[in-house]
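Student: Okay, handing you the structure first.
The values are calculated or read from the model by the stated rules, or taken from the named source; none is laboratory data. It should be emphasised that the depicted structure is a prediction, and the values quoted were computed from it without experimental measurement. Here Cβ is always computed from backbone atoms with ideal geometry, including for glycine, and neighbour counts include all displayed protein chains. For accessibility, only protein heavy atoms count, side chains too; no ligands or nucleic acids. Shrake-Rupley method; radii C 1.70, N 1.55, O 1.52, S 1.80 Å.
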Amino acid sequence: MLHSMKNQIQIALSALVLSAMPSMASAQKAAFLPPTMGWSTWNTFALNINEKVIKDQADAIVSSGLKAAGYQYINIDDGYWNGRAEDGTLRINKDKFPNGMRVVADYIHSKGLKAGIYSDAGDNTCGSGNKQPWGMGVGLAGHEDADCKTYFIDWDYDFIKVDYCGGAHMGLDEEAQYTKIGNAIKNVEKLKGKNIVFNICRWAYPGNWARKVADSWRTTGDINVSWRSLKSIVKENLYIQAYTSGGHYNDMDMLEIGRELTPDEENLHMAYWCIASSPLLVGCDMTKIPAHSLKLLKNRDLLAMNQDRLGIGAPVAYRDGEVYVVAKDMGTIHGNKRAVVVMNLTDAEQTITFPLSSVEFRGAVKVHDCLTQRDKGVAKGSFTAKVPAHGAAAYFMTGQRLEPTVYEAETAWLSKYQEIKNLPTARPMNAESASQGECVGYLGNDADNYMEWRNVWSNTGGTYKLSFRYASAEDRNMNVKVNGKQVASLTKLNSNDYTRFWKTATVTVKLKKGMNKVSLGCTNGFAPNIDKMTLKKI
């Protein structure tokens, strides 16, 4: 969310980067807010909420040590209303919340925590099923300014999750309606003088417009407490990591840790949510949380991944079938420390050996195991991990960085990518003959439908050959830009198939020292499918 109040907070946070902080989760501060950490009612309690449930969970997040670990928010989801009064004001279910919602927020705040609330972008809430009177007409549509005043000024809440069941019911335009809500929130922030965290719950990546409106956005349907659900959400998020940055985050939904997953599944769940910088909202009953689950939720190394000052996603660095290695920088872009998570999505134990060059290291690399919180010594050349079925391994690796030479297309930022409308916009696609089984298709046919590697690193700057591996069954053209300037127009690119046969086109360019952007697109007609870009300094 971009507005003056948040800018003031960001400036203040920047000044605290090097100061000592009380918890690991807040040990590193950036010029923006980190992913939200806290608890939400929905996974365990659904509509069965009341004042006592909320207060008990607020007490438990403190007594369990989760607050000290960095979890701040107690979020109330669907189920607290009783329709609207004739004058349009919201009525509260007095059986569940006899003292009103402000009293609950005040209690949460008295514990040194922050309070979250829920609504819908349209008319009715998801829990109402568009037929239960208590939840019909209580959504934000037509009441954006008045309801935001109620939630954030009168009731003093600090976070809002905005669902889309009512929005879908009304056939609203997502971008227009969520922007209207975001503007109402910004107006209240100016009046109230405090920051409000805004989460879009549209059940799929909505498009790059969301980062102008909200702090985070759901990328999938609702999670449930099963391996099938967890695996599906992981796979849906592997190739959209470029959209997490600058205080705006892909939200993979609430945590099912502490419920019915196996310990190995919980390890994978927590490790991936942390390295991908997803919000961390505990979903279990914190008064009954198992010991392993509580220890995992408080793991200082994993929380450091999640709350890292860079606030970036973790693209796929290496793949062996259904075993994925994802990695991201920690603390400093192209610094000497990286987080690495290995995920085994198969039903059997797997041993994977991957070259350290795939995670951009050379020479001797120090390895720290984040799940056991113990050092593993030094690796050279390659690294081998034995990972249980449905499990993960998580590491900090420290050493001398390589200048990357390969950039997979599916890790790039796609300017018009979205998952809610049936439009021919650039997207990651499965292609078995591609270098890691994925490529980018539907690129071009519009000046704004381009792809961009925003992380092309050069140690010293200079002249490079950029080679693009492409596929097309017909002659197609492609424009190449470096740092916003067009450097080449490639024509008649044809490999005789869209996904099976590949060719390479090469251009010579100048890169500056440090970070560069390389963009591909085509204004008139589609560009070929792209597998990867390879760099060679000359």
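Student: Restricting attention to region 114-132, which residues are in contact (Cβ under 8 Å) with a residue 40 or more places away in the chain, open to solvent by 10 Å² or more (accessible area, probe 1.4 Å) and either in a loop (DSSP other than H, G, I, E, B) or farther than 23 Å from R102 by Cα (or both)?
Tutor: Of everything in region 114-132, those that are in contact (Cβ under 8 Å) with a residue 40 or more places away in the chain, open to solvent by 10 Å² or more (accessible area, probe 1.4 Å) and either in a loop (DSSP other than H, G, I, E, B) or farther than 23 Å from R102 by Cα (or both) turn out to be D123, C126, G127.
Student: Among the aliphatic types (A, V, I, L, M), under 25 Å from M37 (Cα atoms), in a strand (DSSP E or B) and open to solvent by less than 10 Å² (accessible area, probe 1.4 Å) - does that describe any residue in region 97-104?
Tutor: No, region 97-104 contains no residue that is among the aliphatic types (A, V, I, L, M), under 25 Å from M37 (Cα atoms), in a strand (DSSP E or B) and open to solvent by less than 10 Å² (accessible area, probe 1.4 Å).
Student: Scanning for something surrounded by fewer than 21 Cβ atoms within 10 Å (Cβ to Cβ), farther than 18 Å from S415 by Cα and charged (D, E, K, R), does region 479-492 turn up at least one residue? Break it down stepwise before answering.
Tutor: First, the residues of region 479-492 that are surrounded by fewer than 21 Cβ atoms within 10 Å (Cβ to Cβ): 479-492.
Applying the additional criterion that residues be farther than 18 Å from S415 by Cα yields 487-492.
Okay, now just the ones that are also charged (D, E, K, R), so 492.
Yes, there is a match, as at least one residue in region 479-492 is surrounded by fewer than 21 Cβ atoms within 10 Å (Cβ to Cβ), farther than 18 Å from S415 by Cα and charged (D, E, K, R).
Student: Looking only at strands (runs of 3 or more DSSP E) that lie completely in region 399-451, which have at least 1 residues being open to solvent by 60 Å² or more (accessible area, probe 1.4 Å) and not acidic (D, E)?
Tutor: Values: elements: 406-408, 427-430, 438-441.
It comes to 406-408, 427-430.
Student: Look at region 161-209 and say how many of its residues are touching a residue at least 60 places away in the same chain (Cβ under 8 Å), within 26 Å of S232 (Cβ to Cβ) and among the small types (G, A, S).
Tutor: So the count comes out to 2.
Student: Look through region 452-466, keep the residues that are of a type in the set (G, A, S) and in a strand (DSSP E or B), and return whichever of them is nearest to Y205 (Cα to Cα). So that I can check it myself, show each step before the final result.
Tutor: Step one: of region 452-466, the residues of a type in the set (G, A, S) are 458, 461-462.
Keeping just the survivors that are in a strand (DSSP E or B) gives 458, 462.
Working: S458: 31, G462: 37 Å.
By that ranking, first place goes to S458.
Student: Can you tell me which residues in region 133-144 are more than 20 Å from D215 (Cβ to Cβ) and either out of contact with any Ser or Thr (no Cβ under 7 Å at 6 or more places or on another chain) or not in a loop (DSSP other than H, G, I, E, B) (or both)?
Tutor: Result: P133, W134, G135, G137, A141, G142, H143.
Student: Still on this structure, please answer the following. Of the residues that make up region 305-314, is at least one out of contact with any strand residue (DSSP E or B) (no Cβ under 7 Å at 6 or more places or on another chain), open to solvent by less than 20 Å² (accessible area, probe 1.4 Å), among the acidic types (D, E) and within 30 Å of E452 (Cβ to Cβ)?
Tutor: yes
Student: Further question on the same structure: If K295 passes every condition in (1) open to solvent by 10 Å² or more (accessible area, probe 1.4 Å); (2) touching a residue at least 24 places away in the same chain (Cβ under 8 Å); (3) not aromatic (F, W, Y) but one, which one does it miss?
Tutor: (2)
Student: Could you look through region 368-381, keep only residues that are part of a strand (DSSP E or B) and free of Cβ contacts under 8 Å to residues at least 12 places away in the same chain, and pick out the one that is least open to solvent (accessible area, probe 1.4 Å)?
Tutor: Within region 368-381, the subset part of a strand (DSSP E or B) is 368-369, 374-380.
Next, from what is left, pick out any that are free of Cβ contacts under 8 Å to residues at least 12 places away in the same chain: 374-375, 377.
Working: R374: 166, D375: 127, G377: 37 Å².
By that ranking, first place goes to G377.
Student: On the basis of being closer than 17 Å to T125 by Cβ and among the β-branched types (V, I, T), does T220 make the cut? Quick ask: steps written out before the conclusion?
Tutor: Details: closer than 17 Å to T125 by Cβ: no; among the β-branched types (V, I, T): yes.
So T220 fails the test.
Student: Oh, and also: With the condition kept exactly as written, say whether any residue in region 342-350 is in contact (Cβ under 8 Å) with a residue 60 or more places away in the chain, of a type in the set (A, V, I, L, M, F, W, C) and in a strand (DSSP E or B).
Tutor: Kept after step one, since they are in contact (Cβ under 8 Å) with a residue 60 or more places away in the chain, are these residues of region 342-350: 343-345.
Filter once more, keeping what is of a type in the set (A, V, I, L, M, F, W, C): 343, 345.
Then keep just the ones that are in a strand (DSSP E or B); that gives 343.
Yes, region 342-350 contains at least one residue that is in contact (Cβ under 8 Å) with a residue 60 or more places away in the chain, of a type in the set (A, V, I, L, M, F, W, C) and in a strand (DSSP E or B).
Student: Something else: Quickly run through region 189-209 and pick out the residues that are open to solvent by less than 10 Å² (accessible area, probe 1.4 Å) and either over 19 Å from C165 (Cβ atoms) or in a loop (DSSP other than H, G, I, E, B) (or both).
Tutor: Within region 189-209, E189, I196, V197, C201, Y205, P206, G207 meet the criteria.
Student: So, of the residues in region 210-237 that are in a loop (DSSP other than H, G, I, E, B) and crowded, with 17+ Cβ neighbours inside 10 Å, which turns out to be nearest to the chain's Cα centre (by Cα)?
Tutor: Looking only at region 210-237, we keep the residues that are in a loop (DSSP other than H, G, I, E, B), and these are 214-215, 219-226.
Checking which are crowded, with 17+ Cβ neighbours inside 10 Å leaves us with 214-215, 219-220, 223, 225.
Numbers: A214: 12, D215: 10, T219: 8, T220: 11, I223: 15, V225: 20 Å.
Step by step, filter region 210-237, then rank; the result is T219.
Student: Based on this model, can you work out whether T425 counts as of a type in the set (V, I, T) and under 29 Å from D448 (Cβ atoms)? Before the answer, list the steps.
Tutor: Working: of a type in the set (V, I, T): yes; under 29 Å from D448 (Cβ atoms): yes.
Answer is yes for this residue.
Student: Could you please let me know if V365 is open to solvent by less than 40 Å² (accessible area, probe 1.4 Å), more than 18 Å from I275 (Cα to Cα), among the β-branched types (V, I, T) and outside any loop (DSSP other than H, G, I, E, B)? If you could, list the steps in order and put the result at the bottom.
Tutor: Values: open to solvent by less than 40 Å² (accessible area, probe 1.4 Å): yes; more than 18 Å from I275 (Cα to Cα): yes; among the β-branched types (V, I, T): yes; outside any loop (DSSP other than H, G, I, E, B): yes.
Considered against the rule, which asks whether it is open to solvent by less than 40 Å² (accessible area, probe 1.4 Å), more than 18 Å from I275 (Cα to Cα), among the β-branched types (V, I, T) and outside any loop (DSSP other than H, G, I, E, B), V365 comes out as yes.
Student: Now for a different question. Assuming N336 fulfils every condition listed in (1) buried (at least 19 other Cβ atoms within 10 Å of the Cβ); (2) in contact (Cβ under 8 Å) with a residue 40 or more places away in the chain apart from one, which condition is it?
Tutor: Unmet for N336, out of (1) buried (at least 19 other Cβ atoms within 10 Å of the Cβ); (2) in contact (Cβ under 8 Å) with a residue 40 or more places away in the chain: (1).
Student: Kindly establish whether R500 is of a type outside the set (G, A, S), more than 30 Å from G335 (Cβ to Cβ) and either in contact with a helix residue (DSSP H, G or I) (Cβ under 8 Å, 6 or more places away or on another chain) or in contact (Cβ under 8 Å) with a residue 60 or more places away in the chain (or both).
Tutor: On the way: of a type outside the set (G, A, S): yes; more than 30 Å from G335 (Cβ to Cβ): yes; either in contact with a helix residue (DSSP H, G or I) (Cβ under 8 Å, 6 or more places away or on another chain) or in contact (Cβ under 8 Å) with a residue 60 or more places away in the chain (or both): yes.
It is true that R500 is of a type outside the set (G, A, S), more than 30 Å from G335 (Cβ to Cβ) and either in contact with a helix residue (DSSP H, G or I) (Cβ under 8 Å, 6 or more places away or on another chain) or in contact (Cβ under 8 Å) with a residue 60 or more places away in the chain (or both).
Student: For a quick check of your reading of the model, give me the residue pairs whose first member lies in region 467-491 and is on the phi < 0 side of the Ramachandran plot and modelled with pLDDT of 95 or more, whose second is surrounded by 13 or more Cβ atoms within 10 Å (Cβ to Cβ) and among the basic types (K, R), with beta-carbon atoms closer than 6 Å and at least 6 apart or on different chains.
Tutor: Listed by first residue and then by second, the contacts come to R469/K532.
Student: Right, here's the next one. Go through region 498-528 residue by residue and tally those that are of a type in the set (S, T, Y) and either crowded, with 16+ Cβ neighbours inside 10 Å or assigned to a loop (DSSP other than H, G, I, E, B) (or both).
Tutor: Applying the first criterion (of a type in the set (S, T, Y)) to region 498-528 yields 498-499, 504, 506, 508, 519, 523.
If we keep only those that are either crowded, with 16+ Cβ neighbours inside 10 Å or assigned to a loop (DSSP other than H, G, I, E, B) (or both) as well, we get 498-499, 519, 523.
Counting residues in region 498-528 that are of a type in the set (S, T, Y) and either crowded, with 16+ Cβ neighbours inside 10 Å or assigned to a loop (DSSP other than H, G, I, E, B) (or both) gives 4.
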